[in-house]
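Input: a single structure, listed below in C-alpha cells.
The values are calculated or read from the model by the stated rules, or taken from the named source; none is laboratory data. Remember, it's a predicted structure, so these values are computed and weren't measured experimentally. Please note: Cβ atoms are built from the backbone with ideal geometry, for glycine as well, and neighbour counts cover all protein chains shown.
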Amino acid sequence: MAAPHDAPRHPFTSAPRILIIRRDNIGDLVCTLPIFAGLRRHYPNAHLGALVNSYNAPLLNGNPHVDRIHIYTKSKHRPDTGLLAALRDRAALIAGLRQEHYDMALHVGRIPRAEARILVRFGGIGEQWTDDGHGTAAHEVERAYGMLAPLGLHGPPPDPRISVPPEALARARGLLEAQGFGDAIGLHISAREDENRWPLDHFATLIGRGAERGLRFVVFWSPGDAGRPEHPGDDARAQTLLARCQGLPVIGYPTPDLLALATGLAAVGRVVGADGGHVHIAAAVGTSVIGLYCDHKITQWRPWGSGHTVLHGKSVADIPVDAVLATLTNEV
C-alpha cells in the first residue's frame, strides 16, 4: 500500500527517533494517531515527534505515545501576519527539529508539501518517507498505517484514541446531568464542505420529532463567525437552531477549542454529525457515532472502529430525517 520515498540508508536501532508529519485537517490527524501507538508498541524506546498545525495540536495533548509536538502555524492562523513574525516562527521550528536529531521523517499526507520537505531538510533530517500513491480505496487509517510496513509493522492498526483529562470529563458530565441532559444525543451541525452539510431544517425536525419519543439533544458547532478567515464558524446557525427549538429538550454546548469539543463529545451518549473532524474525534474518545456521509466519502472517511453507523446519499442533504430518527430510536 505504501513504500518509502527513499530506501533507508541505515538500519534502525531499538530506539529510533522518528518525526511524523501531518499538517492537514482535524480528521486527517485523528486518522494518523494509530501510527504513534503502533510505533510505540513496536519500538518501546523510540522518540516520537509530531509536526502538526497549531489548530490541531491540542488533540495530541496527553497522548502517551508522543514525546514532542512541533507546531507549524499556517499564515491564516497567525495573529501577526508580518514577514518578520513568520520568519521567527520558522526559525524556532527548525531549531526545535534540529535539537531532536531525528533519524527520519514520515510525511503522512498523500501529497507532501514542498515547504514541509524544506523544513525537514533544514531540520537536519536526511531521511524522508512518503506514501507511494497506492491504496487510494483504503480507509485513511489503513492507508496511513500501511506506510509503516517497511519498518516491520503489519496487521490491523490500533484504534485512534484521544486522551480527555478525567477531571474535565467529570465536570462536563456533571454539567449535563445537572441540566437533565445526562446521556443525551449530541448533534454537531457544522461541516467544512458544502456537500457535507445537513440542512438546519433537518436538525430542527429531528429535535422536534425526537422530543416526541423522549430524546434529548445537545448541540455542538464550530465556534466563531462564518466569515472568520482562519476557520469559519457556525455561531449564527447554532443560535438560529436553538431559537427555533425553544421549549424543546435541547441545549447548546459552546466549545472554544478542540479539547473542549473532545470533552463534550465524550460526555454525551451518542453523536450525530456529518463527515468532518468532529466525527473522528467522537469515535476516538469512545462515543458511538451516527455519521452522515456522501456516497463517495464512505470508504476513506467513515468513523473508524466498531459501534458506529453510517447513513449516506449523493449529498448529505439527501439523507432524510426519518433515516436518522429510525437509527436513533432503534438504539434506544
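Among the residues making up segment 223-279, those that are closer than 27 Å to Cys31 by Cα and of a type in the set (Lys, Arg) are Arg228, Arg270. Close Cβ contacts (under 7 Å, 6 or more residues apart or on different chains) running from residues in segment 178-193 that are in a loop (DSSP other than H, G, I, E, B) to residues that are surrounded by 21 or more Cβ atoms within 10 Å (Cβ to Cβ) and among the polar types (S, T, N, Q) comprise Ser190/Ser222. The listed residues are Ala204, Ala178, Ala184, and the only one of them that is over 15 Å from Gly264 (Cβ atoms), out of contact with any His (no Cβ under 9 Å at 6 or more places or on another chain) and small (Gly, Ala, Ser) turns out to be Ala204. Considered as a group, the residues in segment 99-128 that are in contact (Cβ under 8 Å) with a residue 12 or more places away in the chain and either of a type in the set (Asp, Glu) or in a helix (DSSP H, G or I) (or both) include one that is surrounded by the fewest Cβ atoms within 10 Å (Cβ to Cβ), and that residue is Phe122. Scanning segment 305-332 for residues that are out of contact with any Lys or Arg (no Cβ under 8 Å at 6 or more places or on another chain), assigned to a loop (DSSP other than H, G, I, E, B) and under 24 Å from Ala184 (Cβ atoms) yields Gly305, Ser306, Gly307, Ile319, Pro320.
Exactly one residue among Ala144, Ala114, Ala91 is more than 21 Å from Arg302 (Cα to Cα) and within 24 Å of the chain's Cα centre (by Cα), and that residue is Ala114. Assess whether Ile118 counts as being of a type in the set (Val, Ile, Thr) and either modelled with pLDDT of 90 or more or closer than 13 Å to Gly49 by Cα (or both). Judged against the criteria, Ile118 is a match. Could you grab me the full set of residues in segment 298-310 that are free of Cβ contacts under 8 Å to residues at least 60 places away in the same chain and in contact with a helix residue (DSSP H, G or I) (Cβ under 8 Å, 6 or more places away or on another chain)? Residues satisfying the conditions are Pro303, His308, Thr309, Val310.
Each residue in segment 258-281 was checked for being of a type in the set (A, V, I, L, M) and more than 19 Å from Ala238 (Cα to Cα), and 4 pass.
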